[in-house]
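Since the structure comes first, as structure tokens, the remarks are kept for the end.
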Amino acid sequence: MKRNFLMLLIAVTIISWQGKPAQSYAPLTDADRKNYVISIDQQELRPPQMSNPGVATTRYYMNVDLRITNNSNDTLKYLSMWCSWSDILKTDNPKLHISGNYCSSDHPEVKMVLPHRADTYKLFVVLKKEAVVAGTPFKVGMSIYKFKSRQQLKGFNSGNSSFKDNTDNLIWSNTVQIPK
């Protein structure tokens, strides 16, 4: 009996520590997908750079401005993380990934985009040397978990695999190409 109680207590602790699964947050509606636009301006992209010139490396990086536009009449409030906000972003090309910003005091936060306004994320897209080919297409996806109540902040952990693999809240940008 004591052992069963202890096992139950451990299971509850593990579940609460990992946060709620992504499926417990409302999926985006068709109207949301129409009103929230994720975009990258191809003209603003610059060719990939070596991360540390003069040092042999297999990694290059590219600065990407990712724009989220709210075309609705309501303020978009969505969940993100204070430092590891890159957890809500991903690329469609496995040879590219978004470099994260990590810190010791990461916690959930609510971000806002006013009606008919936009916000921009400054991203570092990391490329493997063999993937640095001008003209390679890619797009960036952003998972938008709409904020409804402060209760959501308790269980939000965008680094959890249920968030990373969830497509119910994912909106893809337009396709762009690695510039020459």
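The values are calculated or read from the model by the stated rules, or taken from the named source; none is laboratory data. Note that the structure is predicted; figures quoted are calculated from it, not measured. Cβ atoms come from the backbone with ideal geometry, glycine included; neighbour counts cover every protein chain shown.
Going residue by residue through the range 31-42, is there one that turns out to be free of Cβ contacts under 8 Å to residues at least 40 places away in the same chain, surrounded by fewer than 17 Cβ atoms within 10 Å (Cβ to Cβ) and among the basic types (Lys, Arg)?
Yes: one or more hits.
Among (1) under 15 Å from Ile144 (Cα atoms); (2) crowded, with 17+ Cβ neighbours inside 10 Å, there is one condition Ile98 misses while meeting the rest; what is its number?
Tallying (1) under 15 Å from Ile144 (Cα atoms); (2) crowded, with 17+ Cβ neighbours inside 10 Å, Ile98 fails exactly one: (1).
Looking at the range 115-153, which of the residues that are of a type in the set (A, V, I, L, M, F, W, C) and out of contact with any strand residue (DSSP E or B) (no Cβ under 7 Å at 6 or more places or on another chain) is nearest to Arg67 (Cα to Cα)?
Let us first name the residues in the range 115-153 that are of a type in the set (A, V, I, L, M, F, W, C), namely 118, 123-127, 131-134, 138, 140, 142, 144, 147, 153.
From the residues that got through so far, the ones that are out of contact with any strand residue (DSSP E or B) (no Cβ under 7 Å at 6 or more places or on another chain) too are 133-134.
Working: Val133: 24, Ala134: 22 Å.
Once the filter is applied, the top-ranked residue is Ala134.
Which one is surrounded by the fewest Cβ atoms within 10 Å (Cβ to Cβ) among residues in the range 146-173 that are modelled with pLDDT of 90 or more and either part of a strand (DSSP E or B) or touching a helix residue (DSSP H, G or I) at 6+ places or on another chain (Cβ under 8 Å) (or both)?
So the residue we want is Asp168.
Can you tell me which condition Thr120 does not meet? The list is (1) part of a strand (DSSP E or B); (2) surrounded by 18 or more Cβ atoms within 10 Å (Cβ to Cβ), and all the others hold.
(2)
Taking the residues in the range 80-108 that are within 21 Å of Asp168 (Cβ to Cβ) and part of a strand (DSSP E or B) as candidates, determine which candidate is nearest to the chain's Cα centre (by Cα).
Among residues in the range 80-108 that are within 21 Å of Asp168 (Cβ to Cβ) and part of a strand (DSSP E or B), the one nearest to the chain's Cα centre (by Cα) is Leu89.
Across the range 98-116, what is the total count of residues that are at pLDDT 95 or above and closer than 21 Å to Gly141 by Cβ? Before the answer, list the steps.
Initially, the range 98-116 is screened for residues at pLDDT 95 or above, giving 112-116.
In the following step, the residues that additionally are closer than 21 Å to Gly141 by Cβ were identified as 112-113.
Residues meeting the conditions: 2.
Could we say that Tyr60 is under 13 Å from the mean Cα position of the chain (by Cα) and not hydrophobic (A, V, I, L, M, F, W, C) here? Write out each step before concluding.
Details: under 13 Å from the mean Cα position of the chain (by Cα): no; not hydrophobic (A, V, I, L, M, F, W, C): yes.
Answer is no for this residue.
Would you mind stating whether Thr57 is farther than 21 Å from Asn166 by Cα, in contact with a Leu (Cβ under 6 Å, 6 or more places away or on another chain) and surrounded by fewer than 17 Cβ atoms within 10 Å (Cβ to Cβ)? Steps first, answer last, please.
Numbers: farther than 21 Å from Asn166 by Cα: yes; in contact with a Leu (Cβ under 6 Å, 6 or more places away or on another chain): no; surrounded by fewer than 17 Cβ atoms within 10 Å (Cβ to Cβ): yes.
The answer is no for Thr57.
How many of the residues making up the range 60-74 are surrounded by 12 or more Cβ atoms within 10 Å (Cβ to Cβ) and assigned to a loop (DSSP other than H, G, I, E, B)? Spell out how you get there, then give the answer.
Step one: of the range 60-74, the residues surrounded by 12 or more Cβ atoms within 10 Å (Cβ to Cβ) are 60-72.
Narrowing further to those that are assigned to a loop (DSSP other than H, G, I, E, B): 71-72.
Number satisfying all stated conditions: 2.
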